[in-house]
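The values are calculated or read from the model by the stated rules, or taken from the named source; none is laboratory data. Keep in mind that this is a model prediction, so the values were computed, not measured. In this analysis, Cβ positions are derived from the backbone assuming ideal geometry, glycine residues included, and neighbour counts consider all displayed protein chains. Areas reflect the complete protein model, heavy atoms only, side chains present, ligands, DNA and RNA absent. Shrake-Rupley method; radii C 1.70, N 1.55, O 1.52, S 1.80 Å.
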Amino acid sequence: MKEQHLKLARVLISKEELRAIVERLATEIRRDYQGRTPLLVGVLKGSFIFLADLVRCLNMPLEIEFVRLASYGAGTTSSGRVRVIQGISGDIRHRDILLVEDIVDTGLTISHLMQTLHRKGAASIRLCALLDKPSQRKVDIKVDYLGSLIPDEFVVGYGLDYAEQYRYLPAIYALGKED
Ligand code: PRP
């Protein structure tokens, strides 16, 4: 695929479907963390819209931190190298961590982060991912709270970008070739 000739192909997950997904995930998470105050860790930048919608839907005691990792650069395939732009700050020992990701693709980003959080002494680590593209997986990752499986297509919108474009779109779109 020539990356300079990409356009929005079609809606993969609509605004209404995203809302229903977030509500379902929030119900599952609220049930499982009853009586606890999890620390939600959003993986920037892609997760910012999903996390914001999720916490408003959760409406339960929780704390929020962010990390910023990047593996894609400006292309549509993972570079295979995870760059830590901003790591976790503060003491996470004995905390119940819920990682919030927009998408798990090769799994390298989240696997890297999970190893770091284990080393820092988290009591538990679970993963909530809006999208899962299992066809590209390179490491075994268990998604505890999954929004939707998606096919092997490059997707944008609802926080996800292509070369920093399209994050603002309210739905998830697949990118296709220009005619
Ligand atoms: C994307 C996405 C995930 C990661 C998933 O981030 O937000 O964090 O890639 O891919 P992987 O499973 O193959 O590691 P990206 O590197 O594009 O940075 P961004 O979130 O700032 O756009």
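Net charge near Gly46: determine it from the other residues with C-beta under 9 Å of the C-beta of Gly46, scoring Lys and Arg +1 and Asp and Glu -1.
Net of charged neighbours comes to -1.
If we count every other residue with Cβ under 9 angstrom of Leu131's Cβ, Lys/Arg +1 and Asp/Glu -1, where does the sum land?
-3
Once the Cα atoms are used to define both axes, helix 15-32 deviates from the longest principal axis of the chain by about 20 degrees. What's the longest uninterrupted piece of the chain once you rule out the GluC sites (Glu not before Pro) that are loop residues per DSSP with at most 14 other Cβ within 10 Å? The segment 4-163 is the longest one with no such site. Simple point charges give the picture: +1 on the Cβ of Lys and Arg, -1 on the Cβ of Asp and Glu, and for segment 41-179 a dipole about the Cα centre of about 540 debye.
The loop-placed chymotrypsin sites (Phe, Trp or Tyr not before Pro) in segment 143-179, going by DSSP, that have at most 16 neighbouring Cβ atoms within 10 Å of their Cβ come out as Tyr168. Expressed as a whole percent, the accessible area of the chain that falls on carbon and sulfur atoms is 49 (1.4 Å probe).
With all projection directions averaged, the alpha carbon convex hull of the chain covers 9.7 nm². Antiparallel beta bridges, as assigned by DSSP with both residues in the chain, represent about 35 percent of the total such bridges.
Where only DSSP H runs of four or more residues are counted, the chain gives -7500 deg cm²/dmol as its mean residue ellipticity at 222 nm, each run worth -39500 (n - 2.57). The residue among Gln86, Gly157, Tyr168 whose Cα reaches farthest toward the positive pole of the charge dipole of the chain, with charges on the beta-carbon of Lys, Arg, Asp and Glu, is Gln86.
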